[in-house]
1. May I ask you to derive the FRET efficiency for residue 168 and residue 56 from their Cβ-Cβ distance with R0 = 30 Å, giving the value to the nearest 0.05?
2. Give me the distance in nm between label points sitting 7 Å out from Cα along the Cα-to-Cβ direction at residue 146 and residue 106, one decimal.
3. Between residue 10 and residue 30, what is the label-point separation in nm under the 7 Å Cα-to-beta-carbon projection?
4. Pop out the ³J(HN,Hα) list for the range 157-169 in order, Karplus 6.51 cos²θ - 1.76 cosθ + 1.60 with θ = phi - 60°, rounded to Hz; leave Gly and Pro as x.
5. Through the Karplus equation 6.51 cos²θ - 1.76 cosθ + 1.60, θ set to phi - 60°, convert the phi angles of the range 7-13 into ³J(HN,Hα) values in whole Hz; use x for Gly and Pro.
6. Give, as ranges by residue number, the residues of the range 167-193 whose backbone N falls under 16 Å from the point 7 Å along Cα→Cβ of residue 159.
7. What distance in nm lies between label points placed 7 Å from Cα along the C-beta direction at residue 137 and residue 47?
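Values quoted throughout were computed directly from the atomic coordinates according to the rules given, and no laboratory measurement underlies them. All values reported here derive from a predicted model rather than from experimental measurement. Note that we place each Cβ from the backbone using ideal geometry, even for glycine, and neighbour counts take in every protein chain shown.
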Amino acid sequence: MSILSDEHDECVAFAQHFSLPTSFLDWSSSPYIAAFFAFDGNKSTVFGSGHKVAIWALNWEMLELVLYYEYVGTVPPKECRGYPDNFQEVMKTMRQDNARRIEKVEKLGNPNRRMVYQEGLFTRAIKIEDDIEKFIRKRSRFAPATVLTKITIPGTAQADALKDLALMGITPVTLMGDPEGAAATAFNRVLRF
């Protein structure tokens, strides 16, 4: 659940989809769209033989469990039981220690066009230095791989992968729906590959 207004989330999602740095981490509900962005790289790079491409898969149901167990059901520590004068201070410290670091952004009321085309979903880091992989490894009661999985593919598959994805209709123009996407699609076809 978002701690900020839905309107704010929509603005941040819009900025994220136009390459501005935000506290959002962009996901797609489609593994093929995720593969496209992993292989498309920085739009001009052709990956060499030593390069590897990573596609991250997030299990949203398991993330919900991680978030639930992190924030809910905190039991006061034994040392504060029986000390009512200290109880409020102990609870304040516990809340700070248990503060939200990563959260799932609920479905936006008015998603932008790119978000719709890219089947976009988001997580938000409360602090810019927070990293979802480290968060899950440190804070999860569950095996990290049940929540977040890294799929690694050799970079040499880049040209074939992007051509196959284009045959599936996954190109910059279909994912962006604007002149920038059309130009990137033409660039990939004519110059890059």
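1. Plugging the Cβ-Cβ distance into 1/(1 + (r/R0)^6) gives 0.90.
2. 2.7 nm
3. Label-label distance for residue 30 and residue 10, simple model: 2.4 nm.
4. 7, 4, 4, 5, 4, 5, 5, 5, 5, 4, 5, 7, x
5. Karplus-based 3J(HN,Hα) across the range 7-13 equals 4, 4, 4, 5, 5, 5, 4 Hz.
6. 187-193
7. Taking the two extended label points, one gets 2.1 nm.
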